[in-house]
Amino acid sequence: MEPSFAASALQMLLPVALFGVASSITPGPNNFMLLSSGVNFGFRRTLPHMWGIVAGGISLFLAVGLGLGAIIKAFPELHLVLKIAGGGYLLYLAWKIASSRTMKSGKSADAAYPLSFIQAALFQWVNPKAWVLALTAFSLYADPRFPFWSVLIITAILSTVNIPCVSTWAGFGVALRGFLADPVRLKWFNICMGILLALSIWPMLQ
């Protein structure tokens with residue numbers, strides 16, 4: 001690594017971190033699902049979902065930074081396919097959330113389950129917001145003098161700031177569990193979250 005890269009890395013640290021926080025903490029598919037999961041399943045059972053988001057984000061960021069982003073830009077139809085697949089899966093998840101009626105704290109056979117680590121990780125690959133985040137970050141902040149190290153640094157920063165952001169949304173959900181213990185309140189909360197998740201598709205499909 002050339003000595004001058006240290007200066008380049010320091011220059012991108014704050015801008016990338018602020019961009020990552022602004023992108024990760026704002027409402028979107030991941031955060032709506034985490035809020036709902038925190039309410040319906042609690043924080044501990046939502047942990048695999050949270051870490052799946054982080055792991056899936058890392059794999060997506062690395063792939064985009066190392067060349068997949070250029071392929072997507074060269075063949076816009078691939079991006080369209082991802083948008084359609086992501087939108088369809090989001091609608092399915094929105095329906096599951098909206099139709100949930102009781103909080104699940106046990107592991108009985110008839111209980112619903114939160115999103116697993118693998119499901120959450122794979123979802124990042126069809127999550128339109130995650131693609132926009134990755135493509136924008138590397139377009140704006142990567143240093144062409146150090147392409148490989150820029151990918152690693154940007155991925156590390158985005159992934160690090162993502163952890164407290166997703167934890168915050170899951171924590172909000174846990175904080176609401178007492179208020180939403182009433183079945184009627186929980187019913188309407190889940191319906192509203194399902195609608196918000198479905199609506200979150202629209203701006204990302206433009």
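Scanning segment 33-80 for residues that are within 14 Å of F117 (Cα to Cα) and of a type in the set (K, R) returns R44, R45. Annotation note: of G57, G67, G38, the sole residue that is surrounded by fewer than 23 Cβ atoms within 10 Å (Cβ to Cβ) and either at positive phi or assigned to a helix (DSSP H, G or I) (or both) is G67. With respect to P15, is the statement that it is touching a residue at least 60 places away in the same chain (Cβ under 8 Å) and over 19 Å from the mean Cα position of the chain (by Cα) true? Yes.
Of all the residues that make up segment 118-150, how many are of a type outside the set (G, A, S) and at pLDDT 90 or above?
So the answer is 6.
Residues in segment 10-24 that are farther than 16 Å from L135 by Cβ and in contact with a Cys (Cβ under 9 Å, 6 or more places away or on another chain): V21 alone.
Residues that are surrounded by 15 or more Cβ atoms within 10 Å (Cβ to Cβ) and either under 30 Å from W95 (Cβ atoms) or among the hydroxyl-bearing types (S, T, Y) (or both) within segment 2-19 comprise just one, S8.
Count, please, the residues in segment 133-185 that happen to be under 22 Å from I71 (Cα atoms) and acidic (D, E).
Residues in segment 133-185 being under 22 Å from I71 (Cα atoms) and acidic (D, E): 1 in total.
The values are calculated or read from the model by the stated rules, or taken from the named source; none is laboratory data. Just so you know, these numbers come straight off a predicted model, no measurement behind them. All Cβ positions, glycine included, derive from the backbone under ideal geometry; neighbour counts span all protein chains shown.
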